[in-house]
Every structure is written in structure tokens, then in C-alpha cells.
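Here's the structure, in C-alpha cells; my notes come after.
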Amino acid sequence: MSLGTEATTGHRFALVDVNNFYVSCERVFDPRLADRPVVVLSNNDGCVVARSAEAKELGIKTGTPWFQLAPEAERMNLVARSSNYELYGDMSARVMEVIGRFGAWQEVYSIDESFLGLPAAAEPAFAATARAVREAVRRLVGVPVCVGVAPSKTLAKFANHIAKHNGHLDGVCSLGSLPAADLERLAARLPVTEVWGVGARTGEKLAGQGIQSVADLAAADPARIRKKFSVNLQRTVLELRGTACIAPIDERADAHQIMFSRSFSTPVDTVAAMADVMTVYAQAAASRLSARGLQTAVVTAFAGTSRFAAGEASNPSVSVPLPEPTDDPIAIVRAAVAGLEARLVPGVRYVRAGVVLSGLTRAGAARQGEFDLFGTPDDDGAPAAGRDAQAAANLGSLLGDVKARFGQASIGLGAGGVQVPADWSMKRQYSSPKYTTEWKDLPVAKA
């Protein structure tokens, strides 16, 4: 059984993936980074989380601690950048907007990947659309993408892998346009762990059944795979044969919660300092909530010690149900600060913390129900509860407007309004400017 390149529906799935996303975002605004080995570092500049092709050629692995590379960086012509989450998030939104123009539907799979639905057409049209997507993202955003097109999601991922690792394809691969002999050769050569959804552990178990390659899995008996493994792997086999079993998802599971978490550059060991942390993090989460037009019903706050620290670990966490869904930053900050405060162990050195907002609903839906016929009216006759809710909405909107105009650090509640970074704030020694989200960091062009 060979891979399926023809779909009975005529429709196709495209997977668009930004190449080396973090590094590519940095290169858009700093041409000096082109053709140089570049690495992007994790929180507090700890270890490598993204690499350019040139850095990979030097043998630098993901997860390598920066302190091991720093002494040799100059000799290797290696450039390091701290993670610039504000820049990457904004660039991702721009990329996804451009990609969405080309499909009947779009499913944003991750910060740098998106599935796209292509209507039925003759085979050459799919490759032409893929090339148009690649060119539009390059021209309008400035980052390189690879596009894989196939009759199912699993095959689209496979096609994207082929596009990325075969330079003569120029970043585009529509499986239906490949010669059958070439496709069979690739499927027989690539290990089964290159299939979307097949991890190392499942790969070992499949190897025990004599299934070593992508072609082996495509040829496996679906009923036997279901019996020996799972219905999900059975679907994968069918998808490899060209039967689309994994439908588009309108909103991914992680879209049902909003999280803001960071590691500290120096440990936090007092209740007062942790209250400042919660004030800043809860406001950041509330800003994302408001930007998406949502309200939250539950605020979860957590903190943790280092797993390498001596002594007993402490990982306090608390979920605080709110009286009613809200996007009020004051209510969210109060819930996070008060909830976690009672669970902290005095003197313990916490190295990370975060705030999670869940139970999300569209803003306005719940607010319509806040009109309380039996509430105590104010002087002008309006119910007090409705007035408070409207005031909270106005505050959140006001904070958002000011930050959008003057920058994220321009205004905030409590410690969130202090522009001088606290001792515990995340270390970003090699950070690039926030080119697209801070007015003061806008690139300047001179002619």
C-alpha cells in the first residue's frame, strides 16, 4: 500500500510552517543576522530554544546552556538573542492573517504553523496556491515559510517535511505533483517517527512489530493497528492512505485558557514580592483577555521552586472562582494576589510563577445578564451592579487603549505601573527591541 495522493473530495489540506520562526523574526528587523549562526535563548537567557540553519551546521543543539557557548561565541561568529515574546506573538498574528487569505478555512496550529483548506481544483492549482502563499508571507511579513499540500492533515505535514528538506522544491511540495517513484522512495527511507503524532516511544513499539518507515506504517493493517495501539494511530494509517480522518478545529484546546508565566532572574522569597509578581502577571493575562474580547470565570495562580534546589519543593497553586465572568483587571489581580498569598511558604525561594485564566466566554454575553431588576438603584435609577460592571469594563478598555498608544509599560495597577524592572523580572540581556509593539522601539528609516 502506497501513500494516498488523491482525495475523493478533491479538496486539499495545506500546512504552512515558518522556517526557524524565532530567528526569522529577529532577521526581519536586523539584516546583519542574515547568513550568520543565530540562537534564541530561553527565559533568563538559560539555554538554546531556537537555531538558524547556520547554528545547526555548527553542531549546536537545542537545550545547550548559553554559558557553555558564550566563551566561544565570538570565534564562531555566533549571535545570541533573548526570547522576545512580544515580537514573536505580533509577527505570528501577521503571518496567520496573510495565510488566511488563501484558504476556504484556516486552523492556526501553533505560533508558527497553520493548516489551510484548499477547495477542489486541478493538481497544478494547488502548487500554484502554495507558491502564492509563500511569496505573500515573504513580501508582506518578511519571513520564509514552507508549504506542504496533500489530501489529509497527516500527509500535509509529511509534504511540508519534504518541502523543508529538499532545496530544489523551493519550499513548496504538493504530493500529487511528485513522481510516484520518488514519493515511494522517500516514504521507504524516512523513519516512522517522522509521521505526525508518532513519538519516540510509539516508534519503538512499532519497530517491535516490524514497522520501521513511513511506508511500512501506510501499508499496515488498520484493524490490527487499532487493536495493538489505538484508534488515533488507526486514523493516522488511514490518513497516510489519503483518507482525511482528522477534521479542522475551529479553536484549539489551548484557546480555552490564557496563561502568563515566567521564571525569575532572582528568586522571590517574600509574600510582598510575590504580590508584586502576581499584580504584574495578572494584568498581563487580563490584557490578553481583553484583547481577545473575552471574560474569565476562574483565576488560577501558581508558583514553584527550582527542581534543583536543596530542601523540600514547594509548588503552591490555587483556583479562584469569580462571582461572575469578568475582564475587570482589578478583580483578576485581587483574585490572584489573595489566592496565592495564603499558600506561600515563608522563606522559600520561588523561581517561577504564573496566572491562568479559564472558563472563558465572550465579553458582553454575561454582561447582558448582569442587569439586576431588584438591585439597589443609584440616584439616576440605574442598578448599582450594572454600573459597577460597566465601570470595570471601562477601566479595562482604558488601560488597553493607553497601552496600545503609549506602550505596555506606560500604565498599570500597582507594581504593573512601575517602569523600572523589579529584581525578579526576567533576564533578557540580549533582547532585541519590541519593533512592532512599542512606539519607542519603532525602526527608523533614514534616506
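The values are calculated or read from the model by the stated rules, or taken from the named source; none is laboratory data. All of these numbers come straight from a predicted model, not from anything done at the bench. Here the Cβ is made from the backbone with ideal geometry for all residues, glycine too, and neighbour counts use every protein chain on show. Areas reflect the complete protein model, heavy atoms only, side chains present, ligands, DNA and RNA absent. Shrake-Rupley method; radii C 1.70, N 1.55, O 1.52, S 1.80 Å.
At least 1 residues being closer than 18 Å to residue 152 by Cβ and touching a residue at least 24 places away in the same chain (Cβ under 8 Å) is the threshold, and among the helices (runs of 4 or more DSSP H) wholly inside segment 186-239 those reaching it are 214-219. Can residue 76 be described as under 22 Å from residue 154 (Cβ atoms) and open to solvent by less than 50 Å² (accessible area, probe 1.4 Å)? So residue 76 does not fit the description; no. Take residue 285 and tell me if it is under 12 Å from residue 356 (Cβ atoms), crowded, with 20+ Cβ neighbours inside 10 Å, in contact (Cβ under 8 Å) with a residue 60 or more places away in the chain and in the same structural domain as residue 412 (by the TED database). In short, yes.
Could you please let me know if residue 306 is modelled with pLDDT under 85 and buried (at least 16 other Cβ atoms within 10 Å of the Cβ)? So residue 306 fails the test. For segment 323-350, a tally of residues being part of a loop (DSSP other than H, G, I, E, B) and open to solvent by 60 Å² or more (accessible area, probe 1.4 Å) returns 5. Of all the listed residues (195, 108, 133), the sole one being modelled with pLDDT of 95 or more and either hydroxyl-bearing (Ser, Thr, Tyr) or out of contact with any Pro (no Cβ under 9 Å at 6 or more places or on another chain) (or both) is 133. Of the residues making up segment 138-159, just one is closer than 19 Å to residue 34 by Cβ, touching a strand residue (DSSP E or B) at 6+ places or on another chain (Cβ under 6 Å) and not in a strand (DSSP E or B), namely 143. Among the residues making up segment 165-181, a single one is open to solvent by less than 70 Å² (accessible area, probe 1.4 Å) and at positive phi: 171. The helices (runs of 4 or more DSSP H) found entirely in segment 46-132 that carry 2 or more residues being under 21 Å from the mean Cα position of the chain (by Cα) are 85-100. Does residue 162 meet the test of being β-branched (Val, Ile, Thr), part of a helix (DSSP H, G or I) and over 16 Å from residue 95 (Cβ atoms)? Yes; evaluated as a whole, the condition is true for this residue.
Yes/no per residue for (1) closer than 27 Å to residue 166 by Cβ; (2) not charged (D, E, K, R):
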site: 201; (1), (2): no, no
site: 208; (1), (2): no, yes
site: 211; (1), (2): yes, yes
site: 238; (1), (2): yes, yes
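Annotation: of all residues in segment 89-126 being among the aromatic types (Phe, Trp, Tyr) and surrounded by fewer than 19 Cβ atoms within 10 Å (Cβ to Cβ), the one that is farthest from residue 28 (Cα to Cα) is 105. Name every residue in segment 216-244 that is over 16 Å from residue 150 (Cα atoms) and open to solvent by less than 50 Å² (accessible area, probe 1.4 Å), in order of residue number. Result: 217, 220, 222, 225, 230, 233, 234. Just so you know, in segment 263-279 the residues that are out of contact with any Gly (no Cβ under 6 Å at 6 or more places or on another chain) and in a helix (DSSP H, G or I) include one that is surrounded by the fewest Cβ atoms within 10 Å (Cβ to Cβ), and it is 272.
So which residues in segment 182-209 are open to solvent by less than 50 Å² (accessible area, probe 1.4 Å) and not hydroxyl-bearing (Ser, Thr, Tyr), if there are any at all? The answer is 183, 186, 187, 190, 192, 195, 198, 199, 203, 206, 207. For segment 285-316, a tally of residues being farther than 30 Å from residue 90 by Cα, under 25 Å from the mean Cα position of the chain (by Cα) and small (Gly, Ala, Ser) returns 1. Of all residues being in a helix (DSSP H, G or I) and in contact with a helix residue (DSSP H, G or I) (Cβ under 6 Å, 6 or more places away or on another chain) in segment 280-322, which is farthest from residue 348 (Cα to Cα)? Just the residue, please. Filtering first and then ranking leaves 290.
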